[in-house]
Amino acid sequence: MDFENGNLNFEKSISDSVKFYPSDSHNSYFYRKIKLAMNNTEFREWAHRLADRMADYYENIEKYPVKSIVKPGDILAQLPSSPPSESEDMTQIMNDFESIIMPGITHWQSPNFFAYFPANGSYPSILAEMLTASLGTQGMVWDTSPAAAELEEMVMNWLKSMTGLPANWSGVIQDTASTSTLVAILSARERITAYEINENGFKGTEKLRVYCSTETHSSVEKAVKIAGIGRKNLVKIATDAQFRMDTNLLSEAIANDIAAGYIPLCVVAALGTTGCTAVDPLAAIAEVCEKYGTWLHVDAAYAGTALLLPEYRWMIDGIEKADSFVFNPHKWMFTNFDISAYFIKDKEALLRTFEILPEYLKTGNRGLVNDYRDWGIQLGRRFRALKLWFVIRSFGVNQLQAKIREHIRIARWLEQQVIAHPDFELLAPVPLSLVCFRYKPASFTGHENLNQINEELLRELNHTGKIFLTHTKLNGQYALRMSIAGTLTTQQHVEKAWELIRETAVGCI
Ligand SMILES: Cc1ncc(COP(=O)(O)O)c(C=O)c1O
């Protein structure tokens, strides 16, 4: 990829990639044989080659355009519409991977990826994923791989003590925070209806309500729809000037709903909202939930990792009154997507909601061990605990803390740059490592369309291929979101990005 002078030369990149997988001189006989099936010797050879390819990828990751610049349909047009009837050799498959697939990849692991929240990986995590794929373990019950079940139990216990969550809660790995929140709402629904809906279905007379702030992630709305509560029964509570849920309004809404015959089923508090990482006041929300007997679920999908730092434990003041909590090690804890850590106070509510016992899954160890198929929606489960174990052991808690602190420190640095610059405006507080800001030149008269200008600025920035940012709207104002949490991101990357933002902004007016 030719990045000098900002030129993206895909043709050159494709020809380089093709050269990378030459048809070896010895291969006419050798590779014809592979066409039947890959044998162990061939697997070994390719595994070595791919290990080199993976290491090369990370060595050169900054040379790729961070956000793929292909157009809709570009990749599809290069793929045959029907599968091959005969075996194809791995050289050809890998050449196509380089020439067709790689240009359509957005490089989430790039240190210049500042979009959304990260989906971090790290070398130890990748190595564990290689082992996981090799073992091909499916951990639906303890018997199908005792080590998978018991390692999961232990790493969840480790996470509890690393984050300061209550020691008597139980933890289980889910795929994503969306699933964890759905699991929480389903458990709350069953507990409050004495497990009636699981048994007999909805009567049609249930009047259940769920509450979250206007800034809460869309996964709550999805969960409410799937759980049969109905989207119109999701009550969105307004936020204060810092985008945190207004607890007085929550209390009022619940009291009014009870008076109107509704049952307040669940409140979802967000620690680190998606838009701007606002932290809802958990202790005050927990008191309201305690008063009305409402399930309190805490969504800390991104921000939960900050609890590794004792100085951030204030975010979970009141957690002992909550019922469930989720955070994603796949976001900020350097563990490859997907892995979501879900914790629950009342394990029985979870098990009674999801338990199922067909004859073919009966084992002699029931009751003695954790059969995780009863702890969530899916039956079959990937062996996700292994990568988390590799990450925690390979980094060590101190190193994990150091990396997270460094991200927060860099975000503070950027916050100060934005505040000090006359032509930029900070649009939200920076409690963690996300900075929300917009371009607003001091020379503007007030009549300019700032939303349009900032939208254009974002488009231009992402088109350079040098960085990737996304946006949100805060109080109707278009905000650039710069999330500083990549495994490989350093101060230098953020300084260069800030320079590019300033230069590009000037061209947008
Ligand atoms: C606060 C919050 N909750 C939930 C989610 C959904 O996460 P997942 O992709 O793991 O379902 C996100 C995603 O960014 C989020 O920011």
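In this structure, does residue 255 turn out to be surrounded by 19 or more Cβ atoms within 10 Å (Cβ to Cβ) and touching a helix residue (DSSP H, G or I) at 6+ places or on another chain (Cβ under 9 Å)?
no
Please give the number of the condition residue 220 fails out of (1) in a helix (DSSP H, G or I); (2) away from the ligand (no atom under 16 Å from the Cβ).
(2)
Do any residues in the stretch 161-187 that are closer than 13 Å to residue 349 by Cα have Cβ atoms under 6 Å from those of residues that are more than 9 Å from the ligand (Cβ to nearest atom) and in a helix (DSSP H, G or I), where the two are at least six apart or on different chains, and which pairs are they?
Listed by first residue and then by second, the contacts come to 170/347; 185/223; 186/353; 187/349; 187/350; 187/353.
Hey, can you tell me all the residues within the stretch 258-295 that are aliphatic (A, V, I, L, M) and either out of contact with any strand residue (DSSP E or B) (no Cβ under 8 Å at 6 or more places or on another chain) or assigned to a strand (DSSP E or B) (or both)?
Across the stretch 258-295, the qualifying residues are 259, 260, 263, 265, 267, 268, 269, 270, 271, 279, 283, 284.
When the stretch 317-349 is examined, which residues are found to be more than 15 Å from residue 294 (Cα to Cα), more than 11 Å from the chain's Cα centre (by Cα) and open to solvent by 10 Å² or more (accessible area, probe 1.4 Å)?
Scanning the stretch 317-349 gives 317, 347, 348.
May I ask you to list the residues in the stretch 178-215 that are within 13 Å of the ligand (Cβ to nearest atom), assigned to a helix (DSSP H, G or I) and of a type outside the set (Val, Ile, Thr)?
178, 180, 182, 184 - these are the residues of the stretch 178-215 that are within 13 Å of the ligand (Cβ to nearest atom), assigned to a helix (DSSP H, G or I) and of a type outside the set (Val, Ile, Thr).
Select from the stretch 50-88 the residues that are part of a loop (DSSP other than H, G, I, E, B), under 27 Å from residue 130 (Cα atoms) and touching a residue at least 60 places away in the same chain (Cβ under 8 Å) and list them in ascending order.
Answer for the stretch 50-88, where residues must be part of a loop (DSSP other than H, G, I, E, B), under 27 Å from residue 130 (Cα atoms) and touching a residue at least 60 places away in the same chain (Cβ under 8 Å): 64, 65, 66, 67.
I'd like to verify a number: residues in the stretch 291-315 that are open to solvent by 10 Å² or more (accessible area, probe 1.4 Å), of a type in the set (A, V, I, L, M, F, W, C) and away from the ligand (no atom under 13 Å from the Cβ), how many?
So the count comes out to 1.
Residue check, residue 298 against (1) of a type in the set (A, V, I, L, M, F, W, C); (2) within 30 Å of residue 109 (Cα to Cα); (3) touching a Ser or Thr at 6+ places or on another chain (Cβ under 6 Å); (4) not in a loop (DSSP other than H, G, I, E, B), all met but one. Which one?
So the condition that residue 298 fails would be (3).
Taking residue 115, is it within 16 Å of the ligand (Cβ to nearest atom) and either hydroxyl-bearing (Ser, Thr, Tyr) or within 26 Å of residue 218 (Cβ to Cβ) (or both)?
Yes; evaluated as a whole, the condition is true for this residue.
For the stretch 410-423, give me the residue count where each residue is outside any loop (DSSP other than H, G, I, E, B) and touching a residue at least 40 places away in the same chain (Cβ under 8 Å).
5
So which residues in the stretch 468-509 are modelled with pLDDT under 95 and crowded, with 16+ Cβ neighbours inside 10 Å, if there are any at all?
Residue satisfying the conditions is 508 alone.
With the structure loaded, tell me whether residue 343 is within 16 Å of the ligand (Cβ to nearest atom), within 21 Å of residue 282 (Cα to Cα) and among the hydrophobic types (A, V, I, L, M, F, W, C) or whether it fails that test.
yes
Return the only residue of 400, 457 being part of a helix (DSSP H, G or I), over 22 Å from residue 304 (Cβ atoms) and either out of contact with any Lys or Arg (no Cβ under 8 Å at 6 or more places or on another chain) or without any contact (Cβ under 8 Å) to a residue 60 or more places away in the chain (or both).
None of the others qualify; the one that does is 457.
Which ones in the stretch 34-48 are open to solvent by 50 Å² or more (accessible area, probe 1.4 Å) and either acidic (Asp, Glu) or in a helix (DSSP H, G or I) (or both)?
Scanning the stretch 34-48 gives 40, 41, 43, 44, 45, 48.
Any residue at all in the stretch 354-374 that is farther than 30 Å from residue 187 by Cα and not β-branched (Val, Ile, Thr)?
The answer is no; no qualifying residue exists.
Output the number of residues of the stretch 213-234 satisfying the condition of being in contact (Cβ under 8 Å) with a residue 60 or more places away in the chain and buried (at least 24 other Cβ atoms within 10 Å of the Cβ).
Total meeting the criteria: 3.
The values are calculated or read from the model by the stated rules, or taken from the named source; none is laboratory data. What you are looking at is a predicted structure, and each value in this text was computed from that prediction instead of being measured. Positions of Cβ are generated from backbone atoms using ideal geometry, with glycine treated the same way; all protein chains shown enter the neighbour counts. Note: accessible area is taken over every heavy atom of the protein model, side chains too, but ligands, DNA and RNA are not part of it. Shrake-Rupley method; radii C 1.70, N 1.55, O 1.52, S 1.80 Å.
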